[in-house]
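The values are calculated or read from the model by the stated rules, or taken from the named source; none is laboratory data. No experiment lies behind these values; they were computed from the predicted model shown. Please note: Cβ atoms are built from the backbone with ideal geometry, for glycine as well, and neighbour counts cover all protein chains shown.
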Protein chains: 2
Amino acid sequence: MKQVALGIDIGGTNTAIGVVDRDGNVLYEKKPQLTTPQKKENPQGSEVKSEELMAAFIKDITSEIKSAIDTVMQINPDIEVVGIGIGAPNGNYYTGTIEYAPNLPFVGVINFAQRIQAEFPNLKHVKLTNDANAAALGELVYGGGKGMKNFVMITLGTGLGSGIIVNGDLVYGADGFAGEVGHTIIEPGGRVCGCGALGHLEAYCSATGMKRTVYELLAKYNNTESVLAEVPYNEMTSKIVFDAAEAGDALAKEVFEVTGELLGRGLADTVHHLSPEAIFLFGGPVAAGEYIFKPTKESMERHLLPIFRNKVKILPSELKAGSAAIIGASALVWKELEKN
Amino acid sequence: MKQVALGIDIGGTNTAIGVVDRDGNVLYEKKPQLTTPQKKENPQGSEVKSEELMAAFIKDITSEIKSAIDTVMQINPDIEVVGIGIGAPNGNYYTGTIEYAPNLPFVGVINFAQRIQAEFPNLKHVKLTNDANAAALGELVYGGGKGMKNFVMITLGTGLGSGIIVNGDLVYGADGFAGEVGHTIIEPGGRVCGCGALGHLEAYCSATGMKRTVYELLAKYNNTESVLAEVPYNEMTSKIVFDAAEAGDALAKEVFEVTGELLGRGLADTVHHLSPEAIFLFGGPVAAGEYIFKPTKESMERHLLPIFRNKVKILPSELKAGSAAIIGASALVWKELEKN
């Protein structure tokens, strides 16, 4: 009997569903992904509409889960589904609820895990957390964090997500929402964060943050020579900055230096809290390799107390970029299995 | 048979030794305290001298422990000593070593717990950590943190120490040194910290930090009316600032507001990492009550993501000021007993 876990990742645009084995192999992945109900479908924040969208969403997911299990069983009938792990914005591990997620059309607190559990009453483990926490568990269960007791996962995307592992388990905190390192202050009174507050780490150190740095530097130097000066704001990506740096563009290189300087400073604050063995970086900007790792590492070391220097590794995540969200979510299940 | 634990706190000036029961009652406390070997006794950082001072120090402590046990047994012969807990600067819980402590005359890494253990081979639990971690354990075992699973202890003194409780146990991190929140950056490029780096939380939010704020504000306003303008820098204390505020001194009140604003901002960063149930404040400045708690709480709430607001309590430590160090150190023993 081969044990497998379902992984579900609810993103702002799409919802990914897959079946993952204990070694992190994705046995099935729904393509194309399900469309997540959109914020614009409930512009007034109506509770009735919220419930209507949620009921349809649960129905869609349930049907996709059943079809995923069927597909996997056709290949290998000797399979046991041990549970469902869900990554969701503002996902609360303790209660299984999605709470006031700013980019989803659902109103208030949604009993998401409970509603999925009701569709699959025989499954013992239906658990939910946010996507960055799920990624950290993925790194712990299948990735570079295997065998580590204390590490931090940083996901660099539109924002900066984080998941904290202490004594071999995820830190959920008193309310289930711990691990929001992206919203620590790195520049008091600085850039406006997506959350509305000023100077947060994710406003500087994320794919979006790097984009902002490009145009800040272009404006600072009035640099008309950089190839980045030819790209509209809304088309800029960390991939474009990386390619420009590879081609020798000085401003593109400075973008990585500035990003690494600030990320290293922020990570030093995290080390001063937690003294992890390693910090894993995940996401688009990580593809830039040493362009981002070198200045981040140098800045972190410079900002650490001597007692912490040359101890903390900064490593690229070992989760496969394409299916990391599903893999991370599925890791919740194996972690529960280990606890129970 | 009544179980008791020894608590030893090694400070830069004195070393406190006491006997504490499971409820946190101090049954015996050495008065006057032992003098800690002084940095100036080994100005060259000689290894030979370091070992000489350490050998004498171990001998003194051993003799004082024996005398403490004898004294307690004279009152109640039916006593079992279950272990020795030690709070020490740069104390490493995992190895029991004191490592490169900047204010002690000892060179390099000292096997402190092991050497004490060698003097008391029958004791199962001889454990060591730094003083702020010990204080956090004290709060967990005997104080306001009893029954809590996730909280943070902040000690405000010459510096700002911290101890972090996650899932009911202290966070030691990968190397044994976690919990240095005082050295997170609150003002990039700001005040010089005791450690030499710039802008650390403890350079602003500690008894010393408040003193610095007094003179920064006096200079800012050229305020000659404040009673604080009559006090030399080297005589200023948080008690003097509190008394001035109580007497209506506007500058003294502003010192608390500035301190609370920055402390609240720093604590928001900590909440964004850990989402604790409560943050306990300990130390001299805490005696100022609402003068410090109100602006700290207000600033923290203002700097939190909405999801964390109105959840995290900021509370005064319930450890008795005079014997908190001994009590905290002794808590290490009960925590070990619980684990084994």
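Considering only region A:132-160, how many residues are farther than 15 Å from A:Ile327 by Cβ and in contact (Cβ under 8 Å) with a residue 12 or more places away in the chain? Show your work before the answer.
First, the residues of region A:132-160 that are farther than 15 Å from A:Ile327 by Cβ: A:147-152, A:154, A:156-160.
Checking the rest, the ones that are also in contact (Cβ under 8 Å) with a residue 12 or more places away in the chain come to A:148-152, A:154, A:156-160.
Going through region A:132-160 one residue at a time, the tally reaches 11.
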Considering only residues that are over 16 Å from A:Glu225 (Cα atoms) and more than 11 Å from chain B (Cβ to nearest Cβ), which ones fall in region A:247-263? A:Phe256, A:Glu257, A:Val258, A:Thr259, A:Gly260, A:Leu263
Of the conditions (1) more than 21 Å from the chain's Cα centre (by Cα); (2) among the β-branched types (Val, Ile, Thr); (3) not assigned by TED's automatic domain parsing to the domain that holds A:Thr259, A:Ile307 fails just one. Which one is it? (3)
Residues located in region A:315-324, provided they are aliphatic (A, V, I, L, M) and not in a loop (DSSP other than H, G, I, E, B): A:Leu315, A:Ala324
Exactly one of (1) surrounded by 23 or more Cβ atoms within 10 Å (Cβ to Cβ); (2) among the aliphatic types (A, V, I, L, M); (3) within 25 Å of B:Gly138 (Cα to Cα) is unmet by B:Val255. Its number? (3)
In the list A:Lys211, A:Lys124, A:Lys220, A:Lys146, which residue meets the criterion of being within 26 Å of B:Asp175 (Cβ to Cβ) and away from chain B (no Cβ under 14 Å)? A:Lys146
Check whether at least one residue in region A:49-64 is over 20 Å from A:Ser330 (Cα atoms) and in contact with a Pro (Cβ under 6 Å, 6 or more places away or on another chain), and report yes or no. yes
Considering region B:153-191, residues that are touching a Ser or Thr at 6+ places or on another chain (Cβ under 6 Å) and of a type in the set (Val, Ile, Thr), and then whichever is nearest to the other protein chains (Cβ to nearest Cβ), we arrive at B:Val181
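Residues of region B:145-183 being part of a helix (DSSP H, G or I) and small (Gly, Ala, Ser), which ones? Give the derivation first.
So the first thing to find is which residues in region B:145-183 are part of a helix (DSSP H, G or I), and the list is B:181-183.
The one that is part of a helix (DSSP H, G or I) and small (Gly, Ala, Ser): B:Gly182.
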What tally of residues in region B:211-232 results from selecting those that are over 16 Å from B:Gly248 (Cβ atoms) and either touching a Lys or Arg at 6+ places or on another chain (Cβ under 7 Å) or of a type in the set (Asp, Glu) (or both)? 2
Name the residues in region B:110-144 that are modelled with pLDDT under 95 and in a strand (DSSP E or B), would you? none
Report yes if B:Ala252 is assigned by TED's automatic domain parsing to the domain that holds B:Lys297 and over 30 Å from A:Val181 (Cβ atoms), otherwise no. yes
If A:Val48 passes every condition in (1) of a type in the set (Val, Ile, Thr); (2) more than 23 Å from the chain's Cα centre (by Cα); (3) surrounded by 23 or more Cβ atoms within 10 Å (Cβ to Cβ) but one, which one does it miss? (3)
With the condition kept exactly as written, say whether any residue in region B:306-314 is part of a loop (DSSP other than H, G, I, E, B), aliphatic (A, V, I, L, M) and surrounded by fewer than 23 Cβ atoms within 10 Å (Cβ to Cβ). no
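Matching residues to (1) closer than 25 Å to B:Ser275 by Cβ; (2) at pLDDT 95 or above:
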{"residue": "A:Gly284", "(1), (2)": "no, no"}
{"residue": "A:Met300", "(1), (2)": "yes, yes"}
{"residue": "A:Ile314", "(1), (2)": "yes, yes"}
{"residue": "A:Ala324", "(1), (2)": "yes, no"}
